[in-house]
Amino acid sequence: MFPDFLPKLTTSLTESTSIYFAQNIKSQSIFTPLTSQEINTTFLSKGEGNIPILLLHGFDSSIFEFRRLLPLLATQHETWAVDLLGFGFTDRLPNLKVNPEAIATHLYYFWKILINQPVILVGASMGGAAAIDFTITYPEVVKKLVLIDSAGMKNNPIISKFIFPPIDYLATEFLRRPQVRDNISRSAYFDKSFASLDANICARLHLEMPGWSQALISFTKSGGYGNCQQKLHLIQQETLILWGENDNILGTGDAGKFERAIANSQLIWISSCGHVPHLEKSQVTANYILDL
């Protein structure tokens, strides 16, 4: 029923959208210059025609974030969602450091092998910071850019560079707790009814993957994406900024900063919505992206 690389917890999914998404996730071996080993990379693609859309998920998350948005976009575009290096269900190789440079390199080779034409790049939360970094690094790949409640405007805590055992392990084990995941999920929504049992399972499926803790520690110790404000002027692509009016994760102050810093950009507020418009207001979010 489900691909064998997904954890057993997948069978606990209850909502039809989540079940369909899980049934259709695929894995592709991607060769990159990062390592001599191919990286089994998980993704989902649907639809055809028009400019391809590529969706990037947030921190400590997976492509399940796009279980509601991707099918809507796929009605008009070939649409892809991919698990970034070190996240989701993509391979976490023991000796491969997870940092923004490695994530961008892996993403480029995924794009080159499976898509290989300019895309509308959509990044949510940390995925927004990854999308910004990728757009600046590989501008020829990105035709248009969409940022959804994007990270990248603030510096990461200095302590993230000095995590050491056993504190790093204890921190990730804390994040593994179902109640902690549920609290994070509830904080992300304005309408708390979206924080269902099924949503909780979607948010923690990837925690069952081998190397989850080590990869999360590696990324955190790298410093992550930090403040990319000084590089935003390099973005020449038309950029759509979507932001939930009730974002309690990143707040709302950075939305205007992104709009002012990116020359060819437009900010649209999504009312009665928290940090994850692609889940809480998926049809509204899809409509704005499809209008690009």
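When Glu65, Glu101, Glu15 are checked against the criterion of being more than 21 Å from Leu216 (Cα to Cα) and either touching a helix residue (DSSP H, G or I) at 6+ places or on another chain (Cβ under 9 Å) or of a type in the set (D, E, K, R) (or both), a single residue qualifies: Glu15.
For residues that are touching a residue at least 24 places away in the same chain (Cβ under 8 Å), assigned to a loop (DSSP other than H, G, I, E, B) and within 15 Å of Ser125 (Cα to Cα), tally how many sit in region 242-280. Residues meeting the conditions: 10.
This table checks each residue for (1) hydrophobic (A, V, I, L, M, F, W, C); (2) buried (at least 20 other Cβ atoms within 10 Å of the Cβ); (3) within 19 Å of the chain's Cα centre (by Cα); (4) part of a loop (DSSP other than H, G, I, E, B).
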site	(1), (2), (3), (4)
Ser18	no, yes, yes, no
Thr35	no, no, no, yes
Asn40	no, no, yes, no
Leu54	yes, yes, yes, no
Ile103	yes, yes, yes, no
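When region 63-76 is filtered for residues that are surrounded by fewer than 24 Cβ atoms within 10 Å (Cβ to Cβ) and either assigned to a loop (DSSP other than H, G, I, E, B) or in contact with a Lys or Arg (Cβ under 9 Å, 6 or more places away or on another chain) (or both), the ones remaining, listed by number, are Arg68, Pro71, Ala74, Thr75, Gln76. Restricting region 42-51 to residues that are in contact with a helix residue (DSSP H, G or I) (Cβ under 9 Å, 6 or more places away or on another chain) and not polar (S, T, N, Q), the residue that is surrounded by the most Cβ atoms within 10 Å (Cβ to Cβ) is Leu44.
Is region 186-207 home to any residue that is more than 21 Å from Phe66 (Cβ to Cβ), of a type outside the set (Asp, Glu) and either in a loop (DSSP other than H, G, I, E, B) or in contact (Cβ under 8 Å) with a residue 40 or more places away in the chain (or both)? No, every residue in region 186-207 fails to be more than 21 Å from Phe66 (Cβ to Cβ), of a type outside the set (Asp, Glu) and either in a loop (DSSP other than H, G, I, E, B) or in contact (Cβ under 8 Å) with a residue 40 or more places away in the chain (or both).
Readers should treat all values here as calculations from the given coordinates under stated rules, not as data from a laboratory. Source: prediction; values computed, not measured. Virtual Cβ from ideal backbone geometry, glycine too; neighbours counted across all protein chains shown.
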